[in-house]
Every structure is written in C-alpha cells, then in structure tokens.
Amino acid sequence: MKPYLLVEWNDNITDAVGWMCLYNTVNGYADGGIRMHTGVSKEEVQRLATVMAWKHEACKPRSSGGCKAGIRYDYKAPDAEEVLERFIVAMMPYIDAGVALAGDLGVPFSTTRKIYAKYGREIPLTKTMKKNTQILENMRAYNVMLDQEIQGFSLNNCITGFGVAWALDEAWKSKQGDKKGKVFIQGFGCVGASAARKLVELGYTIVGISDALGVVECQEGLDVAELIANKNTFGEMDRAKFKDTYTVKPNSEWLDVDCDILIPAALEDVINKDNATKVKASLVVEGANIATTKEADKIFAENGIDVVVDFVANLGAVRAYHSVIFGNLEKDCQVVLDDIEKVCRGNTRKLFDYAAKEKMFQREAAYKIFEPTACDPLEI
C-alpha cells in the first residue's frame, strides 16, 4: 500500500515550505503530528506518515489511519508560530474532513490547540464523529487530562516517554532478566526527559544525555531530576547546574559514551551507515520516529544489536488519544498510563518473541506483525 495523499505548501511571506502526507484513513479518520525544523523534507514527511500508519495498527483497536506534516523552518524563529498558523489554515480543508494534525518536534501540541481554537475548532474530527455527543464529551475531557501533572510533567509531555521506558524495560528483561543496564539518551525534549525519569524509577542508570549543545556523561549516573528541573523548553540542559563529576563532550562524540542501551529521542536518521558501527549498546530503543536508516539496520543485524522499533516503542500518545476519545478507557490519567504500559510491554514482548521464532531482525518482524490494511475514503 502506498501513501494516499501528499500535499505541498509554500508560505507567501517567508521561505518556509511544508508538506502533509496522508498514508491511510480508518472510517475517514487519520491523525499525526506537525513537526518544524530547518531540515524537514518531503521524503521525511512521507516516511513519518508511513510509521504513523503502522503505529496505529500496533495500538489496537484500529480507529485511525496515519498521517504526518512537516514545515521546513526554524522552530526557534520569532515568527515560527505565525508560520505554523498559516500552514494549518492552508491544511484546513483536510483538517475539517478528519485529518487530525497535532504537535510534534518543534511544535507543541498546546500551540496547535490554540490555533485551532482561534478558528473555532477543537481537536479535528470527521463529520460523523462531530455528531457523536459521547466522542465530543470524551475529547473535551481528554484535553483537560493532557494538562494534569504526572511526576513533574503534564500527561501530554510524559505519555510517550514513559511508554518508551516500559518498552525498553521489557526488551532488556528478554535479554538480561532482572539485571538493569546503563542508558544513554540522545535528545532531551519531552520524550527523552520523561523516559529518563521513568527509567531511573525502574532502576536503570542514565550515564549520558545529549542535547543540541553537546553531551554530558557520568558513568556513576546523572542526576536526572536536577537536569530536568533546569532544562529549557527546547530540551537544552543548563550547563551551569552540572556537577563536578560530570564530563562534557561535543555532540560529535555522542556515540562514544559506554552504555548498554541507547535511546535516540530526537531527529530522524541519526544512526546511519556512517556511525552505526560505533554503537556500543546491545539494545537500541527508538524514542524518535525513523531514527535509524536501513543501512544502520543491516549493521545492527550483523552485529547482534537488538532494536525496539519506533512504532512499537513510542506509541503512548497515539494510544492514549484514541483510547479516551473513542471511549475504550476511563477518563483517568492512571488508567491511561497503566494501559500504555500494558500495550508497550505486550507489543515489545510480541515483537521479540516473533523475531526470535522466525529468526528475523526486529524491524522486519515489526513490519510484518503490524502491517495496516485499511484505507477508507475521507468524509466530504
């Protein structure tokens, strides 16, 4: 199955360019995030939309298709929100038909919600869904839940990262039993930071973290709580708060840190043919979508490095959204988190068992297990 629809947008004020790719729909509905950074490309957006389709299939019960959008622009620019608003307005005919575009890298979900509200919209739904009073009630309750605090994070900012941590723990147990490992996290935004918090709670040692400014390492373990408390909204740690026992390195050395488990939790294709041989970990857990290239996968398979693939590890936000909106779960934060833990652990166990039985690399196994089949027409 190929992507159903690809739309290009060119801003009439700046040099921003954007794309929206709709891979498939279920009952006319699809959802995915909008990302913004200077390296966004049409190909990246298509690949991300494909991952979203598989991620929805992995969530079960299937209630949505996959889509993704991306804007090639600096998300730190003073007019970034204005650019985002113009993109959303251009996509409004698709949004009104049931293509739900939310937040992603460089685009907070709260900002998309604010823009929708400005134009009289809530979370995008199909026409049929808008007539369903229970779905509307669930949607409003979900919006309230997203802002509730969980261990120092809003629910919206921790559900994906906590899921990554639970998937990691399940995969590591399959390899090492109850012995905990040393973890390096590349990227310290919402996913990386919340995953770090949960992993410390689970007994893992975070030995290194990288952000846009560089790498910090401590083999005895970083003080994750302090690093989170002193990071900015762009996921950058405050260097003035580092302890004397920490080692600071340039970003070019992020794969040099000794670790058992690696979480790429930032941009796409960060592990590729040029650096995959430098990976020291025996397990890679993809907090970011499409973090690993096909060439890197081949090197991992040859070197015996296991992978929890993106649409298995980081489906927390997607699962939570659909579970609440469609009434499959109580509108309660702890119930939602317990459900995400169950799904992430269950899918990871299923993936590793299937890959071992069929003697497949985990990526190949995941694409077979969770292949989407539905592609219904949009409602007009």
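The values are calculated or read from the model by the stated rules, or taken from the named source; none is laboratory data. Just so you know, these numbers come straight off a predicted model, no measurement behind them. Cβ: placed from backbone, ideal geometry, glycine included. Neighbour counts: every protein chain shown. Please note that ligands, DNA and RNA were not included when accessible areas were found on the heavy atoms of the full protein model with its side chains. Shrake-Rupley method; radii C 1.70, N 1.55, O 1.52, S 1.80 Å.
A few notes on this one:
- Residue in the range 233-241 that is farther than 18 Å from A167 by Cα, of a type in the set (S, T, N, Q), modelled with pLDDT under 95 and outside any strand (DSSP E or B) present: yes
- Taken over the range 1-21, the criterion of being in contact (Cβ under 8 Å) with a residue 60 or more places away in the chain, touching a strand residue (DSSP E or B) at 6+ places or on another chain (Cβ under 9 Å) and under 18 Å from V107 (Cβ atoms) is satisfied by V7, W9, D11, A16, G18, M20.
- Between R62, R86, the distinction of being in a loop (DSSP other than H, G, I, E, B) and either at negative phi or at pLDDT 95 or above (or both) belongs to R62 only.
- Within the range 89-115, tally of residues that are outside any helix (DSSP H, G or I) and touching a strand residue (DSSP E or B) at 6+ places or on another chain (Cβ under 9 Å): 11
- Among the residues of the range 152-176, the ones that are in contact with a Lys or Arg (Cβ under 6 Å, 6 or more places away or on another chain) and either of a type outside the set (D, E) or modelled with pLDDT under 95 (or both) come to 3 in all.
- Residue tally, condition in a loop (DSSP other than H, G, I, E, B) and either among the aliphatic types (A, V, I, L, M) or closer than 14 Å to V279 by Cα (or both), over the range 242-257: 4
- If you check A365, A356, A374 for being hydrophobic (A, V, I, L, M, F, W, C), over 19 Å from D169 (Cβ atoms) and surrounded by fewer than 18 Cβ atoms within 10 Å (Cβ to Cβ), only one passes: A374.
- Number of the condition not met by V224 [criteria: (1) touching a Gly at 6+ places or on another chain (Cβ under 9 Å); (2) open to solvent by less than 50 Å² (accessible area, probe 1.4 Å); (3) modelled with pLDDT of 95 or more; (4) closer than 20 Å to G152 by Cα]: (1)
- Within the option set Y23, Y29, Y119, Y73, being more than 23 Å from R319 (Cβ to Cβ), open to solvent by less than 60 Å² (accessible area, probe 1.4 Å) and hydroxyl-bearing (S, T, Y) holds for one residue only, Y73.
- Residues that are in a helix (DSSP H, G or I), over 26 Å from the mean Cα position of the chain (by Cα) and modelled with pLDDT under 95, drawn from the range 116-132: K127, T128, K130
- Qualifying positions in the range 278-298 - assigned to a helix (DSSP H, G or I), open to solvent by less than 30 Å² (accessible area, probe 1.4 Å) and not acidic (D, E): A296
- From the list K182, K175, K198, the one residue that fits, being in contact with a Leu (Cβ under 7 Å, 6 or more places away or on another chain), charged (D, E, K, R), under 23 Å from C344 (Cα atoms) and in contact (Cβ under 8 Å) with a residue 24 or more places away in the chain, is K175.
- A single member of V309, V318 is open to solvent by less than 50 Å² (accessible area, probe 1.4 Å) and modelled with pLDDT of 95 or more, and it is V309.
- Of D238, D211, all but one fail to be open to solvent by less than 50 Å² (accessible area, probe 1.4 Å), charged (D, E, K, R) and farther than 16 Å from D306 by Cα; the exception is D211.
- The one condition in (1) under 19 Å from the mean Cα position of the chain (by Cα); (2) among the hydroxyl-bearing types (S, T, Y); (3) open to solvent by 40 Å² or more (accessible area, probe 1.4 Å) that S323 fails to fulfil: (3)
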